[in-house]
1. May I ask for the net charge around A:A38, where only other residues with Cβ less than 9 Å from the Cβ of A:A38 are counted and Lys, Arg are +1 while Asp, Glu are -1?
2. Can you give the average number of partner chain beta-carbon atoms within 10 Å of each beta-carbon in peptide C:298-310, as a whole number?
3. Roughly how many whole Å is it from the C-alpha centroid of the range C:195-269 to that of the range C:39-63?
4. Provide the gained length on full extension for the span A:E64 to A:A236, in nm with one decimal, where the gain is 0.36 nm per separating residue minus the Cα-Cα distance.
5. Can you find, among C:V281, C:N201, C:A234, the residue farthest towards the positive end of the dipole of the range C:135-331? Put +1 on the C-beta of Lys and Arg, -1 on that of Asp and Glu.
6. To the nearest 20 Debye, how big is the dipole of chain A about its Cα centre, given +1 on the beta carbon of each Lys and Arg and -1 on that of each Asp and Glu?
7. Positive end of the dipole of chain B, charges at C-beta (+1 Lys, Arg; -1 Asp, Glu), about the Cα centre: which of B:V110, B:A54, B:Q267 has its Cα farthest in that direction?
8. Considering only B:S254, B:S167, B:S216, give the residue with the highest GNM mean-square fluctuation for chain B, with springs between Cα atoms whenever their separation is below 10 Å.
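Only the coordinates and a few stated rules stand behind these numbers; no lab work does. Treat the numbers as computed from the prediction; the structure is a model and nothing was measured. We place every Cβ from the backbone using ideal geometry, glycine too, and count neighbours over all the protein chains shown.
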Amino acid sequence: MIYVRNAWYVAGWAHELAAEGLASVRILNEPIVIWRDAAGGLAAFEDRCVHRLAPLSLGRCEGERLRCMYHGLLYDRAGRVIEIPGQDRIPANLRIRSYPVLERHSWIWVWMGTAAEADEALIPPVVGMDRTDYIFAHGQLDFAAEARLIYENLLDLSHISFLHSESLRHGEIWARERPKVTEHERSIRSERWFRSGSLNNENTEEARDIYYYWDSYIPGVVISYSNTYPVGSADALNGGAPDLNQAMRTCTGSHAITPLTDRSSRQFYILAGPHRGDETVYDSTRKAFSEDKAMIEGQQRNIDTLPDQRFMPTTADRAVILFNRLVEKLVSEEAPQMSATAPPLGASR
Amino acid sequence: MIYVRNAWYVAGWAHELAAEGLASVRILNEPIVIWRDAAGGLAAFEDRCVHRLAPLSLGRCEGERLRCMYHGLLYDRAGRVIEIPGQDRIPANLRIRSYPVLERHSWIWVWMGTAAEADEALIPPVVGMDRTDYIFAHGQLDFAAEARLIYENLLDLSHISFLHSESLRHGEIWARERPKVTEHERSIRSERWFRSGSLNNENTEEARDIYYYWDSYIPGVVISYSNTYPVGSADALNGGAPDLNQAMRTCTGSHAITPLTDRSSRQFYILAGPHRGDETVYDSTRKAFSEDKAMIEGQQRNIDTLPDQRFMPTTADRAVILFNRLVEKLVSEEAPQMSATAPPLGASR
Amino acid sequence: MIYVRNAWYVAGWAHELAAEGLASVRILNEPIVIWRDAAGGLAAFEDRCVHRLAPLSLGRCEGERLRCMYHGLLYDRAGRVIEIPGQDRIPANLRIRSYPVLERHSWIWVWMGTAAEADEALIPPVVGMDRTDYIFAHGQLDFAAEARLIYENLLDLSHISFLHSESLRHGEIWARERPKVTEHERSIRSERWFRSGSLNNENTEEARDIYYYWDSYIPGVVISYSNTYPVGSADALNGGAPDLNQAMRTCTGSHAITPLTDRSSRQFYILAGPHRGDETVYDSTRKAFSEDKAMIEGQQRNIDTLPDQRFMPTTADRAVILFNRLVEKLVSEEAPQMSATAPPLGASR
């Protein structure tokens, strides 16, 4: 499977990495150490000392520097070796690969492609937990499956009608009607109305129309918005898009799917809603995630048993197809520049 | 290793699959879902939805149909897709591979070869638990080993003298004297007398001669019969075969060895005897099975360490050799017709 | 990775194998059964019966013979098959591979190369627990790593300053000053002084200079000696080697690193000191071993992720480089004679 390298991947939670803390992560099968210096700044290096390939994540932050705790090589924040204990001369230009890294919207993001092209503007508009206008639930989930199967799950929400029939109890409306799907530069948008009464689990005291849309960004970040309007709004607009600023209420969910290796992935999620009444929704959402996990891991086992078997798309797969085309297009554009530096995904499983 | 495909393989216990129940099994490395419709009928499909390869065994039986619970495709009993939620048009001839399946003698049997050649007459005469003239013990055991090593264990029972010296305590008679071995169309028969006093663990109050024979059927089903006669019968017949209808008492054991993958197998067994006194025998038989498991899994580890190492047959291996020749002959006869449809065993381990 | 075959490898502890006992070990990825006959003599065979490759380590010692407990083949101490139950004729020269084996200095040693070249004089001078002039601590530790990474850890003790900064608390002296390194026929010696006060954790009531040296023998046995002298001795000798017979006190540590497979190894160790006061040292040494294990297994994971990545030696790696050159030289000398008999390391992982 192919993934875009010139993109920001979520590596973890900003609040979990304290000053002088180190974290070992794996993205696109590359071992990476992310560390925060004494002043709070982030750095990300390959997690592999130049000397004997020991993990730097077993090292020690010393102020603004990182020391390998096997034989003591010391690195500055740029990845340069500035001390080899017991040795006066240090080879010129001895440095480790470092990755552009930053924190934004509660997450730590690592740029896996050409450093010169790292562009903060490409970070998707995740609703982070620093926002004061929402209350939040957050978490993460590991899958024994390739990342592609997980974001494809999110791109085609028709599965909610079946896979989540017990947990979310939305009924068959998700599967019976297709959303409108549009392509954007680095994302695919899907959008649709739920007219009052069309979702099984509605609170009948609180009838409303819902305008639901979700944006799936490269490399695999999906942000959904559930916007509430007075009953009749969908019909009044003849099914067209409403003024988002006029929504009575908006709930969002942000999901980042990070490929750890060829066959393992991590989903990070932040669920945000305007008031406390959404907490039971969070419980059923977590149950739905575990249903996704069982299905996707079963799918992966089938794929691995017969690798040549192909999918047979239905009309529900339109967003999936457009997103994968976008991935292929971006990958083909970056391929030449990547080949020199990028270790092959899947070099070891 | 090669296995005959035009054969019935045991997939599980008929009594364990209730109406509208689903079971996920793997045979010859193929994932299969076996399901029972509301009326009690069995069907067996590849366990892989045509849409996105999700496991159908996570699906739901709806009367006489099976629904994939990922995105809701609905299959009839023949494996045809009869509904794609939200989509009017269904591609012509869209269907999943289905396998001939039936229940007989307490077991569910799946035909892994060409459906047109599935022949119920080829099901071996297992003594199932529906028989009222016996009392039964039954069970199953998983091996981290290829099926061949397990049925070879059953084809050459000389190992009882050594491997089961503590559990079965039969003494060395199994190893010291060879059985008569004969070839049949789809089985190998081994047969022999135990004269009174030759088995160490005999109940001295109940002296008798025993005529023991066992049939090893393609693809790996072994049925043994222990027939008791008055002392002196073996000598009176000069070691020849007795009239089986004249046996004072007969105990049987049926063993089905099913290859799950290249390196994992399941043994199903039904032990049948005429009265309750055999229960302690069942305990020692189960202990013997665990001895087989330890030895066979050790054998497998050795084979995998040095794959080119070859066996050095002894005269005790005659039934093993004849059975394996029969497998090769049947496989060579079916090879051309199989190549198009059969996924390769070992496509993934 | 390459290992010398014409060498003695440690297989286990002599005191753990009782008369008529069997032990299954794996060295250089070869399964080996070591057994002790009724009279106490040792023998080592490949752990794989000639008949059907069953593990002989599941067999039974019968006086001076070993019986395979699958189908009963009986072997004499030289590895010859001397009985096949139920069969009169035994193929000529039917025998199993046997390995030279002996016990010395508390350990059982197996010669993995050409039997004719097995030379007891090549067993390194380990300080075994039969010595009455020391008190001992001993143990073993398994690593999910190739043996090379473990003995390289012992060849370059500069890591003590960093990796063991919390457990051994020696300070940076190990890393700041290089030992003198010399090549010998089948070993590398490293040696150095610690002047009084240079080790952080010194007992200030007991000031002394320490002359520390360690010999790293083919195939991976490291023996260290810590010799205590009066304060000022190092200076009086101008840093030169002292008279070892004049040491006030000597502590030693013997470490044997045995490659089990390509990616797993076992470290056996015997720590010896002249009096009971060393027991707290043993505790911190065991803690240090667990630090080594975590670092080395991390190093191995990095190597497996990017197999082509190379080490960048520092001046601390001199002993490592010389030892590996010695390995290569010895391997190149033995290669032709080995090729016929030696199963490839890594035939199965």
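1. My count for the surroundings of A:A38 gives -3.
2. Mean number of neighbouring Cβ atoms from other chains: 6.
3. Each part's Cα centre sits 40 Å from the other's.
4. Between A:E64 and A:A236, full extension yields an extra 55.9 nm.
5. Checked the options; the winner is C:A234.
6. Using Cβ point charges on Lys, Arg, Asp and Glu, chain A gives about 720 debye.
7. Toward the positive end, the furthest listed residue is B:A54.
8. Judging by the Gaussian network model, the answer is B:S167.
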